[in-house]
1. Checking the conditions here, which among A72, A79 is of a type outside the set (S, T, Y), buried (at least 16 other Cβ atoms within 10 Å of the Cβ), within 10 Å of the ligand (Cβ to nearest atom) and part of a helix (DSSP H, G or I)?
2. Let me confirm something: among G143, G134, G162, which residue is more than 26 Å from R185 (Cβ to Cβ) and out of contact with any helix residue (DSSP H, G or I) (no Cβ under 8 Å at 6 or more places or on another chain)?
3. Among the residues of the range 55-73, is any modelled with pLDDT of 95 or more, more than 22 Å from V197 (Cα to Cα) and among the acidic types (D, E)?
4. Would you mind telling me which numbered condition in (1) more than 15 Å from the ligand (Cβ to nearest atom); (2) under 25 Å from T34 (Cβ atoms); (3) exposed (fewer than 14 other Cβ atoms within 10 Å of the Cβ); (4) at pLDDT 95 or above S171 fails?
5. Might you check whether a residue that is free of Cβ contacts under 8 Å to residues at least 40 places away in the same chain, in contact with a Gly (Cβ under 9 Å, 6 or more places away or on another chain) and of a type in the set (G, A, S) occurs anywhere in the range 164-182?
6. Restricting the search to the range 83-121, which residues are basic (K, R), under 17 Å from A72 (Cβ atoms) and more than 14 Å from the ligand (Cβ to nearest atom)?
7. Which one is farthest from the ligand (Cβ to nearest atom) among residues in the range 28-56 that are part of a helix (DSSP H, G or I) and surrounded by fewer than 16 Cβ atoms within 10 Å (Cβ to Cβ)?
Amino acid sequence: MDSSDAARYWNAVYAERPAAADPQPNVRLVETVTGLPAGDALDLGCGGSGDALWLADRGWQVTALDISAVAATRLARRARAIGLSDRITAEQHDVRSSLPAREFDLVTAHYFHTPYEQDRTVTLRSAAHQLRAGGWLLVVDHGSTAPWSWNQDPEVRYPAPGEVAAALDLSTERWKVERADMPHRIATGPDGSTAEVIDHVLLIRRTH
Ligand SMILES: C[S@@+](CC[C@H](N)C(=O)[O-])C[C@H]1O[C@@H](n2cnc3c(N)ncnc32)[C@H](O)[C@@H]1O
């Protein structure tokens, strides 16, 4: 799918749901980043805004990118409304084409899935190269299908974190896999119902 079709797809997804009144961060982001010193963060596919806002509130300088202008605009508006606009740059951007030409201390990609084929490996690999020494790449994928998921395809296959790491093929001289596991949690869907879901968590550190 080309960039404008993908943007149209995601704009339609966000346009049909109202912006969350109080966007919340993802569980794995909070458990991973709490305790890290704030720095420069890149949020790939920032979607509903919760992660970027949470990071900025903790002192991170956040570049938040999404192919959907609706998502990026909502984040920018919310950041202005709560006085965080000096810490968040929200942009409509197809991360397959490029990434901002600068270094980061954290790159986060949460549930960066699409209902169409999209090769994420090049993007994640570029992002890993843009980490400063000591910086972190956090990739959190679905490991199971929640009852409310847009993708109820019984054939869907969620790559294990080890497979994602193997595809990135980062040199062990410069990057270290710090976490690659598949924890379970109880999640709440848009209608308030709950279900057990599995996350695929990959955390890689740039050592030098
Ligand atoms: C399943 S949503 C996840 C959103 C958010 N990270 C979260 O945890 O809720 C995937 C997001 O990736 C964005 N996205 C998909 N392809 C993209 C691309 N090529 N460049 C930038 N954003 C993209 C979509 O617009 C959407 O917001």
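The values are calculated or read from the model by the stated rules, or taken from the named source; none is laboratory data. Nothing here was measured: the structure is a model prediction, and the numbers come from that model. Glycine gets a Cβ as well: all are built from the backbone with ideal geometry, and neighbour counts include every protein chain shown.
1. Numbers: A79 fails: within 10 Å of the ligand (Cβ to nearest atom).
When all the criteria are applied, what remains is A72.
2. G134
3. Pass one, the range 55-73, residues modelled with pLDDT of 95 or more: 55-73.
Within this subset, residues satisfying the condition of being more than 22 Å from V197 (Cα to Cα) are 55-73.
Next, only the ones that are among the acidic types (D, E) stay: 57, 66.
Yes, the range 55-73 has at least one match.
4. (2)
5. yes
6. Initial filter on the range 83-121 (basic (K, R)): 87, 96, 102, 120.
Still in the running and under 17 Å from A72 (Cβ atoms): 87, 96.
Listed by number, the list holds a single entry, R87.
7. First, the residues of the range 28-56 that are part of a helix (DSSP H, G or I): 28-33, 50-56.
Adding the requirement that they be surrounded by fewer than 16 Cβ atoms within 10 Å (Cβ to Cβ) leaves 30-31.
On the way: V30: 12, E31: 14 Å.
Taking the candidates together, the pick is E31.
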